[in-house]
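Everything below concerns the one structure shown next.
Taken together, the values in this text are just the output of simple stated rules run on the coordinates, not laboratory data. Note that the structure is a prediction, hence the values are computed from the model and not measured. Glycine gets a Cβ as well: all are built from the backbone with ideal geometry, and neighbour counts include every protein chain shown.
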């Protein structure tokens, strides 16, 4: 076969070799490798701030905030206070004034009127059960229907614990009513919505109290026998 002619090599060009040697010789004289020019590093582009529409879209997926309860009042038809729980700072003088104002405001309302009362820029949600008025104070922009359900939830747990709860149960066992309320509300917010869990925790609390009483009784008996 006839030999194919190859294109002339560019390495034989003396000008190309001269340029290569001129680049290598200075590095050989100093004993270093030729330094290649570094690439210019681009400045990092600043991140754009989140738009308000995107932030609001992220907030939609979160759990909505619950109503903040400022205080809880249980008032009888005669205006007697059976239970109070304060989750916002009030002085003793302010508490007395609040109880007096709300007692006069709620007890005089008719049965056909709304269960929400606007008071001092807040909303007072109340519900009557037998001879007791259960009142809770919330902010003006909170959900009133949610607080009505919290009141009913509290009453149902009391009714299950005492067995057809009445005003006398809260008078003679007010500490147990506080136990129930503390299991339902913490810092003015609903923490436990399960009636079974609350009943289980209250039963455990009662067993601890009974065990402490028995232990105290046994210790007092030992001391009495030792001092004879």
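Report the residues of the range 102-138 in range of a label on residue 171: point 7 Å along Cα→C-beta, backbone N strictly under 15 Å from it. Residues 131-133 fall inside that zone. Over the range 92-228, the ratio between the Cα radius of gyration and 2.2 N^0.38 Å evaluates to 1.37. Per-residue extension of 0.36 nm, minus the Cα-Cα distance of residue 113 and residue 77, leaves a gain of 11.3 nm for this segment. Label-to-label distance, residue 178 versus residue 204, with points set 7 angstrom from Cα along the beta-carbon direction: 2.1 nm.
From most to least packed by mean Cβ count within 10 Å, the peptides 100-106, 124-130 give 124-130, 100-106.
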